[in-house]
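No lab work stands behind these numbers, since they all come straight from the coordinates. As the structure is a computational prediction, the values presented were derived from the model and not from experiment. Cβ atoms come from the backbone with ideal geometry, glycine included; neighbour counts cover every protein chain shown.
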Amino acid sequence: MFGSNLLDRRKKTERIADQAWQQLVSAVNSAGDSLRDTARSTGRGTSHLADEAGDRVGAAADEAWHRATRAFDALAGRRPGLPWAWLVGAAVVGAAIGWAAGSAARAVADRDTDLRRVDDIEFVDVDRPDAPVSLDVDRAGPSER
């Protein structure tokens, strides 16, 4: 009640100024909220674009740095180091291919051995006394030499 009586006793110009101030504060707050929302949405879009541009510039800067370092080393007469990562990778791939080829060869050999039967093999005794040809050179006669 005290506040309402105090407001009624003010001059009309003060009340109009107070209302104008309230409307101005409300308009500024509304504009600020709208501007803040617009800035946030714009900021999200531009941050995405800035990230992409930063990635591109970063990649280009890295490439330029590597090229400049290689050029400086070449001018200084230093030879580039061996690409150990590539060499180790090639060795690992070679070992894997060799292992796979060996396993496949063993599997084929085992399959071939399983397919053969012991019954299919014919044993010939060449040291029989009545054999037509002798492999023993000392026992062979002069006509067979």
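Remarks
- Working from label points 7 Å from Cα in the Cα-to-Cβ sense, the ILE16 to ALA90 distance is 9.2 nm.
- R0 of 35 Å, Cβ-Cβ distance LEU82-ALA109: FRET efficiency to nearest 0.05: 0.35
- In terms of its alpha-carbon gyration tensor, the stretch 27-106 comes out oblate; a/c meets the 1.5 threshold, while b/c is at least as large as a/b.
- For ARG79, ARG67, the sequence from fewest to most other C-beta atoms within 10 Å is ARG79, ARG67.
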